[in-house]
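One structure is given here, and the rest of the page talks about it.
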Amino acid sequence: MNDVTFKKAEKGDLDIILDIYNYYILNTTANFYRHPVSREEITQFILIGNEKYQTYLLHKKGEVAGFCFLTQYKKKDAYDHTAEIGVYLRPECVTRGLGSSAVAFLEEAASKKRIRVIVASISGENTGSMKLFEKMGYEKCAHYKEVGEKFGRLLDVVDYQKILGKSHTHQ
Ligand SMILES: CC(C)(COP(=O)(O)OP(=O)(O)OC[C@H]1O[C@@H](n2cnc3c(N)ncnc32)[C@H](O)[C@@H]1OP(=O)(O)O)[C@@H](O)C(=O)NCCC(=O)NCCS
């Protein structure tokens, strides 16, 4: 395995998180925002200091290589055992196994919070992300056609999900 470490994100980490996230907003269809987001917007779903749904920075050789998070899947409370997952690495840190480590780490974190189901919602153009989640045992569970538009292109959204093991650490 690679020597990546995970640190719970704090408010002071927001600038670095925004920097990475806005890069993908402005340059790719990996994210469906079309405008750079502010601290207020990003913290609507990338939660800092939330007890259940947490965000982590990935560190590799002392440098921040990216961030990853679990967030609320849907607000209605019957969805409380489900989370949505996200992983965003710095462009120079992709395809070296860090994404796989992040998903494995977040699955552990999810189990400790009694989250049983993880959903990844992926742009239809994001083959790298689909490969990552397929490799990590996620199943394709939905395909929404042409629901987004960015850079003049209509975009599909493909959802993947994984049901985690049934034994939980009680915290
Ligand atoms: C998507 C992302 C998180 C994947 O993490 P990663 O560290 O690059 O992925 P890994 O190195 O762990 O690779 C996992 C698998 O996916 C494959 N893969 C990753 N990126 C790929 C790409 N661009 N094209 C084809 N395959 C790819 C790898 O080959 C590997 O499979 P293998 O072990 O069978 O070779 C990362 O590339 C990233 O941050 N991308 C930009 C932001 C983004 O799209 N985030 C996801 C939003 S849903």
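Here is how the numbers come out for the structure above:
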quantity: Unique match (being under 15 Å from the mean Cα position of the chain (by Cα) and assigned to a loop (DSSP other than H, G, I, E, B)) among PHE32, PHE69; calculated: PHE32
quantity: Pick from segment 24-76, criterion of a type in the set (A, V, I, L, M) and within 11 Å of the ligand (Cβ to nearest atom), ranking: surrounded by the fewest Cβ atoms within 10 Å (Cβ to Cβ); calculated: ALA30
quantity: Of all residues in segment 1-23 being free of Cβ contacts under 8 Å to residues at least 24 places away in the same chain and over 17 Å from the mean Cα position of the chain (by Cα), the one that is most open to solvent (accessible area, probe 1.4 Å); calculated: ASP15
quantity: Answer residue from segment 77-90, given it is acidic (Asp, Glu) and away from the ligand (no atom under 16 Å from the Cβ) and is most open to solvent (accessible area, probe 1.4 Å) among those; calculated: ASP77
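For (1) under 23 Å from TYR53 (Cα atoms); (2) β-branched (Val, Ile, Thr); (3) part of a strand (DSSP E or B), each residue gets a yes or a no:
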site	(1), (2), (3)
THR95	no, yes, no
VAL119	yes, yes, yes
PHE133	yes, no, no
CYS141	yes, no, yes
VAL147	no, yes, yes
VAL158	yes, yes, yes
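Each row is one residue, and each column tells you yes or no for (1) touching a Gly at 6+ places or on another chain (Cβ under 7 Å); (2) of a type in the set (Phe, Trp, Tyr); (3) within 14 Å of the ligand (Cβ to nearest atom); (4) farther than 27 Å from ARG34 by Cα.
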| site | (1), (2), (3), (4) |
| --- | --- |
| GLY99 | no, no, yes, no |
| ARG116 | no, no, no, yes |
| GLU125 | no, no, yes, no |
| GLY128 | no, no, yes, no |
| GLY137 | no, no, yes, yes |
| LYS140 | no, no, yes, no |
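The values are calculated or read from the model by the stated rules, or taken from the named source; none is laboratory data. Computed from a predicted model, the values in this text were never measured in an experiment. Cβ coordinates were reconstructed from backbone atoms using ideal geometry, including for glycine residues, and neighbour counts include every protein chain displayed. Surface areas here come from the heavy atoms of the whole protein model, side chains and all, with no ligands, DNA or RNA. Shrake-Rupley method; radii C 1.70, N 1.55, O 1.52, S 1.80 Å.
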